[in-house]
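See below for the structure under consideration.
Throughout, read-outs are computed from the coordinates displayed, never taken from laboratory work. In this text, all values refer to a predicted model and were calculated from it rather than measured experimentally. Backbone-built Cβ (ideal geometry, glycine too); neighbour counts: all protein chains shown.
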Amino acid sequence: MRLSRTAPSLARPMLHPYVMSGVMSTKLENTTDATRGQPLWARVLARKDELEDVLAELGPHDMVERTSIETALATVYLLMTGDLAHPSDVVARDLNRWLERNKHLGQDITRRQQAARLAPQKPQAA
């Protein structure tokens, strides 16, 4: 990428045809992005369920990932008090921050789960 040869204040990057975009895929990979546009409570519940599934899939040696997911779940359990459909402004802000902070947590395990579900089932030999 080169900068244009105009005035410094107007310098813009010039992209060449061989420069690739930073976007690998347009497919949404996690529930936080996939549920964008839905009500906050639906997004939080979907992500909580996804993290609980990931936690169940973790092996005994995945201590760092396990601790991170357990901490995220403990946090959201504390925030999920009262009416989730109509949370106070403070709780809604904290739930939204929780979603954004934990949206990539356990994503590699979620991808493996999705790949296993989408893989064609081999017929069993009788």
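What net charge do the residues around L95 carry, taking every other residue with its C-beta under 13 Å from that of L95, with Lys and Arg at +1 and Asp and Glu at -1? The partial results should precede the final answer.
Working: positive: R43, R47, K48, R93, R97, R101, K103; negative: D83, D89, D94, E100.
Result for the local shell: +3.
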Quick P(r) readout (the range 29-116; Cα-Cα; 10 Å bins; whole %) gives 17, 51, 26, 6
